[in-house]
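Novice: I am attaching a structure below and will ask some questions about it afterwards.
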Amino acid sequence: MVDLANAKWRKSTRSGDNGGACVEVADNLSGVVAVRDSKDPAGPALTFAPDAWSAFIRGAKPGA
């Protein structure tokens, strides 16, 4: 299990005001990127290897 106690969570700049339906990302941890539901900060978080997260972001960009 990954220790997320020192995670610095942030929302996407594209989140805007969409009724709270946002994800938060913590990419300040060594060797892991964590993602959680902003409406449930005490709930579970998904974790990804940094390379896998980068590949996801590249694939999610428009025109990719």
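The values are calculated or read from the model by the stated rules, or taken from the named source; none is laboratory data. In this text, all values refer to a predicted model and were calculated from it rather than measured experimentally. We place every Cβ from the backbone using ideal geometry, glycine too, and count neighbours over all the protein chains shown.
Novice: Residues ASP17, ASP51: which one is among the charged types (D, E, K, R) and modelled with pLDDT of 90 or more?
Specialist: Numbers: ASP17 fails: modelled with pLDDT of 90 or more.
It is ASP51.
Novice: Is it the case, given these coordinates, that ALA34 is modelled with pLDDT of 95 or more and in a strand (DSSP E or B)? Talk me through it step by step, then tell me what you get.
Specialist: Numbers: modelled with pLDDT of 95 or more: yes; in a strand (DSSP E or B): yes.
Yes, satisfied.
Novice: Note down all Cβ pairs under 8 Å where the first residue falls in segment 1-19 and is within 16 Å of ASP40 (Cβ to Cβ) and outside any loop (DSSP other than H, G, I, E, B), the second is hydroxyl-bearing (Ser, Thr, Tyr) and modelled with pLDDT under 95, and they're at least six residues apart or on different chains.
Specialist: Partner pairs satisfying both residue conditions: LYS11/SER38.
Novice: For segment 45-64, enumerate the residues that are outside any strand (DSSP E or B), of a type outside the set (A, V, I, L, M, F, W, C) and in contact with a strand residue (DSSP E or B) (Cβ under 7 Å, 6 or more places away or on another chain).
Specialist: Keep residues of segment 45-64 that are outside any strand (DSSP E or B), which gives 49-64.
Retained after the next criterion (residues that are of a type outside the set (A, V, I, L, M, F, W, C)): 50-51, 54, 58-59, 61-63.
The answer is PRO50, and nothing else.
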